[in-house]
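Colleague: Here you go, one structure.
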Amino acid sequence: MSDLDDFFVHTVTVEAFQDTNGYGEPQYAAPAVVACFTEAKRRLVRSSTGEEVVSETTLYTDASHETKFPPGSRVTVGADVATVITAGAFTSGDLDLPDHLVVNLDRGASRNQ
């Protein structure tokens, strides 16, 4: 149990990106429900390839979920389906502070533009 569990008042469904098939279509792992805190705030972030991308939503969750959020993963937040731009774990080391994962998402596919 994390010291931050009380703050994870939202849930998302994540389908971890695995690979592409022979047609170039993305393949995902089975859906997993993850408790988190979501922040709908636009910010400029760098993707795993170094490209500047606008993130529309940031998720904060327990660091143990890091393997569920590789770049390209599909995340359902409410009625929106978004894609993971980048995810990074914040660990405190010897400071004994709560570790957490920050996940930046692109614009949800079902949002109005």
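The values are calculated or read from the model by the stated rules, or taken from the named source; none is laboratory data. Quick caveat: nothing in here was measured; it's all calculated off a predicted structure. So basically every Cβ, Gly included, is an ideal-geometry build from the backbone, and we count neighbours across all protein chains shown.
Colleague: Yes or no: residue 82 among the small types (Gly, Ala, Ser), at pLDDT 95 or above, more than 13 Å from residue 102 (Cα to Cα) and touching a Pro at 6+ places or on another chain (Cβ under 9 Å)? First the steps, then the outcome.
Modeller: Values: among the small types (Gly, Ala, Ser): yes; at pLDDT 95 or above: yes; more than 13 Å from residue 102 (Cα to Cα): yes; touching a Pro at 6+ places or on another chain (Cβ under 9 Å): no.
Spelling it out, it is not the case that residue 82 is among the small types (Gly, Ala, Ser), at pLDDT 95 or above, more than 13 Å from residue 102 (Cα to Cα) and touching a Pro at 6+ places or on another chain (Cβ under 9 Å).
Colleague: Going by the structure shown, is residue 44 in a strand (DSSP E or B) and either of a type in the set (Gly, Ala, Ser) or more than 13 Å from the chain's Cα centre (by Cα) (or both)? Please lay out each step first, then the result.
Modeller: Numbers: in a strand (DSSP E or B): yes; either of a type in the set (Gly, Ala, Ser) or more than 13 Å from the chain's Cα centre (by Cα) (or both): yes.
Yes: the conditions hold for residue 44.
Colleague: Out of the residues in the range 1-22 that are at pLDDT below 95 and of a type in the set (Phe, Trp, Tyr), which is surrounded by the fewest Cβ atoms within 10 Å (Cβ to Cβ)?
Modeller: 7
Colleague: Moving to a separate point now. Can you report the number of residues in the range 36-65 which are under 25 Å from residue 2 (Cβ atoms) and crowded, with 16+ Cβ neighbours inside 10 Å?
Modeller: Total meeting the criteria: 12.
Colleague: Any chance the range 95-109 includes a residue that's of a type in the set (Asp, Glu), touching a residue at least 12 places away in the same chain (Cβ under 8 Å), out of contact with any helix residue (DSSP H, G or I) (no Cβ under 9 Å at 6 or more places or on another chain) and surrounded by 17 or more Cβ atoms within 10 Å (Cβ to Cβ)?
Modeller: Within the range 95-109, one or more residues are of a type in the set (Asp, Glu), touching a residue at least 12 places away in the same chain (Cβ under 8 Å), out of contact with any helix residue (DSSP H, G or I) (no Cβ under 9 Å at 6 or more places or on another chain) and surrounded by 17 or more Cβ atoms within 10 Å (Cβ to Cβ).
Colleague: Condition first: in a strand (DSSP E or B) and of a type in the set (Asp, Glu). Now tell me which residues in the range 1-37 satisfy that.
Modeller: Result: 15, 19.
Colleague: Among the residues in the range 25-42, are any in contact (Cβ under 8 Å) with a residue 60 or more places away in the chain and charged (D, E, K, R)?
Modeller: No, the range 25-42 contains no residue that is in contact (Cβ under 8 Å) with a residue 60 or more places away in the chain and charged (D, E, K, R).
Colleague: Take the range 47-61 and flag every residue that is assigned to a strand (DSSP E or B) and either without any contact (Cβ under 8 Å) to a residue 12 or more places away in the chain or within 11 Å of the chain's Cα centre (by Cα) (or both).
Modeller: Scanning the range 47-61 gives 52, 55, 57, 58, 59, 60, 61.
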